[in-house]
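Have a look at the structure below, then the notes.
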Amino acid sequence: MAATSSPSTAAAAMWAFAAATCVKLLLVPTYRSTDFDVHRYWLALTHTLPARQWYTDASSQWTLDYPPFFAYFSRLLSLPAPFVDASLVAIPVPASPPSSAYILYLRFTVAFSDLLLLLASVLLLARDARRRQRPFLALLLVLWSPALLIVDHIHFQYNGFLMGLLLLSLHFLEQGKDLAGGVVFAALLCSKHLFLVAAPVYFVYLFRHYCCGRGLARGLGRLVLMGAGVVAVFAMAFTPFVYYGQMQQLLSRLFPFGRGLFHAYWAPNFWVFYIVLDKILAFLLRRLGFSIEIPEASFTRGLVGDSSPFAVLPKVTPITTFLLVILAMTPCLVKAFANPQPKHIIRWVAYACSCGFMFGWHVHEKASLHFTIPLALIAMDSLDDIRHYFLLSIVSCYSMFPLLFEDQEYPIKVLLLLTYSALMWVGFSTHFAANPAPGGKKLDASDSIVEKKFTGWISLGYLLGMFAIEFWSRLFHHHVFGDRLPFLPLMMVSVYCGVGMMYSWIWQLSWIIRHT
């Protein structure tokens, strides 16, 4: 199998990307979150002010809190901006509403940066670690991800670009180009530090696969070479700010632990159940006559505080979440150390990101993209992977529904999710009707993927339960509670999706223990 994709595959990939781009253009007039203002300010900040002021400027509430490579990326995107609309790079931000050209330019920068995601996906599609070409459907699952469309092209972020860097690194590792894979991952860390959660897997895998088992002298040479490559990348990113004496200020921007354990909208992870248990225990103990003080910064109001107020259960600290993430990741690290095979690297990195999502500090719901996008590429490795990805991708997308809270965006997010679900239903059914699973199991053409064989009654019932959550939130909550408990619908989404995310984490852990 050739290392590059065939002309027909490349052409089909371009058509798929063009179709996704057309959808993105249709989304230009939709809702824009405060992240739109954040990234617009970063363009102006990096264009107008010298680098020594990037991490010290406090003239706006939208202070720069991404690593330097992303600041350089913003600077690059800002270069054509004055030719489109001078207000794009004006400081302070003009009070007048943004022009159509202003909005279109910023939306276009996100769509343009997705070219890196396309490149990395096509490379991964062309040849996997076993020298086989992946199904074309895997590319569609990445490029047409409704969660990515919602977060990047409505809510407004640059996750497609960052995921492109991650997938490019994984491509190099799959092909045995460990040095390139490590260097690209270092560049990713210097662009978005939240990918640090995957660093333990990278370190263990690269140490064992690239440095060990090749003799002492050659192994040490490779270790020095890898270290020099990574250090060079970090030096390019951080040396100017070391020279300016701003590293402490920069690190305080990157790691603001004072923001608290939770974001305003709870990410559907382990800590959701911790909160709920605390609330239940506080309620029961107060009914039994105990004096239980309810913290003023109540989680049910969706506030972001400087602490993690619990009424009964112990307070959670950043070091606690760090230790839990490492503990959860340990089986994967042991497997990667004992048997470092390139064919498992995507799964290991995705699991590491899952651990960070489930047990990390101040996790955003958008971070589920860090493992759902890579898992899309291996979703058709087996029927078990199909079952898992079908449920996970729907849960991940649904957990982001609260990001788009205006009525005019409601049909859009529902249509995106239903269309993607239909794509998976038809695509998976067609794929396994023509291709036996690795175990030799082949579906008949008349079989439906979404049956007991695929999701089972429990999984199917769980997915259908999302309709009940939506009916309650959209139709009944206001009639029953009026203006009381405004955060209850969001809490229901978080807790319900947390069940699915917890299942996914357990499933990934079980698969890694049994099969790698």
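Overview of values
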| quantity | calculated |
| --- | --- |
| Among residues of region 165-175, those that are in contact with a helix residue (DSSP H, G or I) (Cβ under 6 Å, 6 or more places away or on another chain) and either over 26 Å from residue 251 (Cβ atoms) or of a type in the set (Val, Ile, Thr) (or both), counted | 7 |
| Among residues of region 121-151, those that are in a helix (DSSP H, G or I) and either more than 16 Å from the chain's Cα centre (by Cα) or not hydrophobic (A, V, I, L, M, F, W, C) (or both), counted | 12 |
| Matching helices (runs of 4 or more DSSP H) fully within region 21-111 where at least 1 residues are aliphatic (A, V, I, L, M), open to solvent by 30 Å² or more (accessible area, probe 1.4 Å) and out of contact with any Leu (no Cβ under 7 Å at 6 or more places or on another chain) | 68-78, 81-84 |
| Meets criteria (within 17 Å of the chain's Cα centre (by Cα), of a type outside the set (S, T, N, Q) and closer than 25 Å to residue 250 by Cα) for residue 69 | no |
| The one condition in (1) in contact with a helix residue (DSSP H, G or I) (Cβ under 6 Å, 6 or more places away or on another chain); (2) assigned to a loop (DSSP other than H, G, I, E, B); (3) open to solvent by 40 Å² or more (accessible area, probe 1.4 Å) that residue 268 fails to fulfil | (3) |
| The listed residue being modelled with pLDDT under 95, over 26 Å from the mean Cα position of the chain (by Cα) and in a helix (DSSP H, G or I), out of 4, 9 | 9 |
| Residue match in region 331-354 (condition: touching a strand residue (DSSP E or B) at 6+ places or on another chain (Cβ under 8 Å) and not aliphatic (A, V, I, L, M)) | no |
| Members of region 153-205 found to be in a helix (DSSP H, G or I), small (Gly, Ala, Ser) and surrounded by fewer than 22 Cβ atoms within 10 Å (Cβ to Cβ), listed by number | 180, 187, 199 |
| Every pair of residues 6+ apart whose Cβ atoms lie under 9 Å, when the first sits in region 411-431 and is free of Cβ contacts under 8 Å to residues at least 60 places away in the same chain while the second is open to solvent by less than 80 Å² (accessible area, probe 1.4 Å) and polar (S, T, N, Q) | 421/393; 425/448; 429/448 |
| Selection status of residue 357, touching a Phe, Trp or Tyr at 6+ places or on another chain (Cβ under 9 Å) and surrounded by fewer than 23 Cβ atoms within 10 Å (Cβ to Cβ) | no |
| Qualifying residue in region 244-256 (condition: over 19 Å from residue 488 (Cβ atoms) and at pLDDT below 90) | yes |
| Residue match in region 334-352 (condition: within 30 Å of residue 34 (Cα to Cα), open to solvent by 20 Å² or more (accessible area, probe 1.4 Å) and either part of a helix (DSSP H, G or I) or β-branched (Val, Ile, Thr) (or both)) | no |
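Table: residues versus (1) small (Gly, Ala, Ser); (2) under 27 Å from residue 200 (Cβ atoms); (3) part of a helix (DSSP H, G or I).
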| position | (1), (2), (3) |
| --- | --- |
| 357 | no, yes, yes |
| 361 | no, yes, no |
| 366 | no, yes, yes |
| 374 | no, yes, yes |
| 384 | no, yes, yes |
| 390 | no, no, yes |
| 410 | no, no, yes |
| 414 | no, no, yes |
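Table: residues versus (1) in contact with a Ser or Thr (Cβ under 8 Å, 6 or more places away or on another chain); (2) not acidic (Asp, Glu).
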residue: 388; (1), (2): yes, yes
residue: 394; (1), (2): yes, yes
residue: 407; (1), (2): no, no
residue: 413; (1), (2): no, yes
residue: 420; (1), (2): yes, yes
residue: 424; (1), (2): yes, yes
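The values are calculated or read from the model by the stated rules, or taken from the named source; none is laboratory data. The structure displayed is predicted, hence computed values, not measured ones. Cβ: placed from backbone, ideal geometry, glycine included. Neighbour counts: every protein chain shown. Heavy atoms of the whole protein, side chains included, go into the accessibility calculation; ligands, DNA and RNA do not. Shrake-Rupley method; radii C 1.70, N 1.55, O 1.52, S 1.80 Å.
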